[in-house]
Amino acid sequence: MTPPPGRWSDLDRPPLNARALRTALVRPTALWTGLTVVDSTGSTNADLVAAASSGAAAPGTVLVAEEQVSGRGRLDRRWNAPARSGLFVSVLLTPGHDVPAERWGWLPLLAGVAAVTALSPVTEVETALKWPNDLLVTVDGTERKLGGILAERVTLPDGTAAVVLGMGVNVSLRADELPVPTAGSLLLAGARTTDRDPLLRALLRSLADWYGRWTAAGGDASAAGLLPAYAACCATLGRTVRALLPGGAEVRGEAVALDGTGRLVIADADAVQRPIDAADIVHLR
């Protein structure tokens, strides 16, 4: 007797192969020390923050969910998607051994560069970044949000300061599954493949590579090549933007540069340049 269709029966969305992923990524000299794939969770970031705080997760831990029902983005926005339709992954990092805390703000930008440099070659889809940490693709000639990145600081039981870095990427979402009209997916952008196993391997390898360069340079984004790499794939630079600041104020102007700490520099109508630490950026025509 054939079982009734359910949320795990979509043959276009096979499950991740956790054993193969661990074999490929978890090695004695690698950044990643462990990898777990769970069927469903509220938020991989929340789970890994809790595990790290209690000592149940070691630095280098990777947590992946097939389904995330209460994912969080910047400004505490919710992030939900159908089961097995995307990459929902969080990692635990301890950059304090090599990088001063004042440079940790580069981590979400680093993850954005890692995602673009990993996903574009595998999928043959041009991806870009909207400052600070949104992933973009073009669908039917329109710029759409592909995914997002969230970094949260956590203290380990021994007092070590750490960061949980989470990423969500829409892989196989169909048009009728998009949470908002401004969202997109690799499938809708015409990706050569939507097989999540090679996508996740490429993403984690790229993240480890860029993290290694950045920590080896003591968090100096220019010396690590991170600053020019981010600028090269940032769709915000050179655009007229509206920056919605915490508290309700806004700044309009041209996004002209990133400074050494990763802040976006906006030149207003009077050519006064203002660095922005945190804002919700709107690309204007």
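Keeping all protein chains in position, work out how much accessible area residue 145 exposes to a 1.4 Å probe, and write it in Å² to the nearest 10.
Estimated to the nearest 10 Å², residue 145 gives 70 Å².
List the relative contact order of the chain as a percent without decimals, with contacts defined as Cα pairs under 8 Å and 6+ residues apart. Write down the numbers at each step before the final one.
Working: 592 pairs, mean separation 45.8, N = 285.
So the answer I get is 16 percent.
Could you work out how much longer the chain between residue 180 and residue 23 gets when fully extended? Use 0.36 nm per residue separation minus the Cα distance between them, nm to one decimal.
Fully extending the segment from residue 180 to residue 23 adds 52.9 nm.
Compute, for residue 174, the solvent-accessible surface of its heavy atoms (probe 1.4 Å) with the complete set of protein chains present, and express it in square angstrom to the nearest 10.
Rounded to the nearest 10, that gives 80 Å².
Considering the Cα trace of the stretch 60-179, what is its radius of gyration and what is Dmax, both in angstroms?
Final numbers for Rg and Dmax: 15.1, 51 Å.
Label residue 252 and residue 160 with points 7 Å out from Cα along Cα→Cβ: what is the distance between them in nm?
4.9 nm
Just from its helices, what would the mean residue ellipticity at 222 nm be for the chain, if runs of 4 or more DSSP H residues each count -39500 (n - 2.57) and the sum is divided by every residue, rounded to the nearest 500 deg cm²/dmol?
Details: 5 runs with 64 residues, N = 285.
So the helix-based figure for the chain works out to -7000 deg cm²/dmol.
I want to verify the translational diffusion coefficient of the chain in µm²/s; compute it with Stokes-Einstein, Rh as the Kirkwood radius over Cα pairs, at 4 °C and 1.567 mPa s. Show your work: numbers first, answer last.
Working: Rh = 19.4 Å.
This corresponds to a translational diffusion coefficient of 67 µm²/s.
Rounded to the nearest 10 Å², what accessible area does residue 280 have for a 1.4 Å probe in the complete protein model?
Here the accessible area works out near 40 Å².
Would you please classify the overall shape of the stretch 204-251 from the alpha carbon gyration tensor, given that a ≥ b ≥ c denote the square roots of the eigenvalues, rounded means a/c under 1.5, and beyond that prolate means a/b larger than b/c while oblate covers the rest? Mind dumping the intermediate values first?
Working: a/c = 2.65, a/b = 2.14, b/c = 1.24.
Cα axes put the stretch 204-251 in the prolate bin.
Tell me the carbon and sulfur percent of the accessible area for the stretch 218-285, rounded to whole percent, probe radius 1.4 Å. Show your work: numbers first, answer last.
Numbers: 1680 of 3360 Å².
C and S fraction of accessible area: 50 percent.
Let me know the shape class of the stretch 144-285, please: from the alpha-carbon gyration tensor, a ≥ b ≥ c as square roots of the eigenvalues, rounded when a/c is under 1.5, otherwise prolate if a/b is greater than b/c, or oblate. Please list the in-between numbers first.
Values: a/c = 1.67, a/b = 1.10, b/c = 1.51.
In terms of gyration-tensor shape, oblate.
Anything in the chain that counts as a DSSP H helix reaching 18 Å or more along its axis (C-alpha) with Kyte-Doolittle mean of at least 1.6? List them, would you?
Details: long enough: 107-123 (24 Å, 1.72); 196-216 (29 Å, -0.34).
Membrane-span-like by this rule: 107-123.
Mind giving me the FRET efficiency for residue 11 and residue 280? R0 is 35 Å, r the Cβ-Cβ distance, nearest 0.05 is fine. Before the final figure, lay out each step's value.
Numbers: r = 38 Å, r/R0 = 1.09.
After rounding, the FRET efficiency stands at 0.35.
Suppose every K and R has +1 on its Cβ and every D and E has -1 on its Cβ; what is the size of the dipole of the chain about the Cα centre, in Debye to the nearest 20?
On the way: 27 positive and 29 negative charges, 55 e Å.
So the magnitude is around 260 debye.
Bin by bin, in steps of 10 Å, what percent of the Cα pairs in the stretch 13-54 do you find, going until the bin that has the longest distance?
In order of increasing distance, the bins hold 23, 44, 31, 1 percent.
To the nearest µm²/s, what D does Stokes-Einstein give for the stretch 225-280 at 20 °C and 1.002 mPa s, using the Kirkwood radius over alpha carbon pairs as Rh?
Values: Rh = 11.5 Å.
For these conditions, the coefficient is 187 µm²/s.
Sorted by accessible area with a 1.4 angstrom probe, largest first, how do 283, 97 fall?
On the way: 283 35, 97 135 Å².
The residues order as 97, 283, largest area first.
Using a 1.4 angstrom probe, figure out how much accessible area the chain has per residue, in square angstrom, rounded to the nearest whole. Kindly include the intermediate steps, with their values, before the conclusion.
On the way: 12900 Å² over 285 residues.
The answer is 45 Å² per residue.
Take the alpha carbon atoms of the stretch 229-274, find their center, do the same for the stretch 147-214, and report the distance between the two centers in whole angstrom.
Taking the Cα centre of the stretch 147-214 as reference, the centre of the stretch 229-274 is 24 Å away.
Using Cα springs under 10 Å in a Gaussian network model of the chain, which residue among 245, 227, 199 shows the largest mean-square fluctuation?
Of 245, 227, 199, the most mobile in the Gaussian network model is 245.
Tell me, what % of the accessible area of the stretch 110-207 is carbon and sulfur with a 1.4 angstrom probe? Kindly include the intermediate steps, with their values, before the conclusion.
Values: 1760 of 3640 Å².
Accessible surface attributable to carbon and sulfur in the stretch 110-207 totals 48 percent.
Grab the other residues whose beta carbon is less than 14 angstrom from that of residue 33, score K and R as +1, D and E as -1, and report the net.
Values: positive: 22, 27; negative: none.
Summing Lys and Arg as +1 and Asp and Glu as -1 gives +2.
Go through 104-113, 21-30 and give me the packing order, highest mean Cβ count within 10 Å leading. Mind dumping the intermediate values first?
Values: 104-113: 23.9, 21-30: 13.5.
Per-residue Cβ counts within 10 Å, averaged per peptide and sorted highest first, yield 104-113, 21-30.
The values are calculated or read from the model by the stated rules, or taken from the named source; none is laboratory data. A quick note: this is a predicted structure, and the numbers were derived from the prediction, not measured. Every residue, glycine as well, gets a Cβ built from its backbone with ideal geometry; the counts of neighbours run over all protein chains shown. Just so you know, the surface numbers come from the protein's heavy atoms only, side chains and all, with ligands and any DNA or RNA stripped out. Shrake-Rupley method; radii C 1.70, N 1.55, O 1.52, S 1.80 Å.
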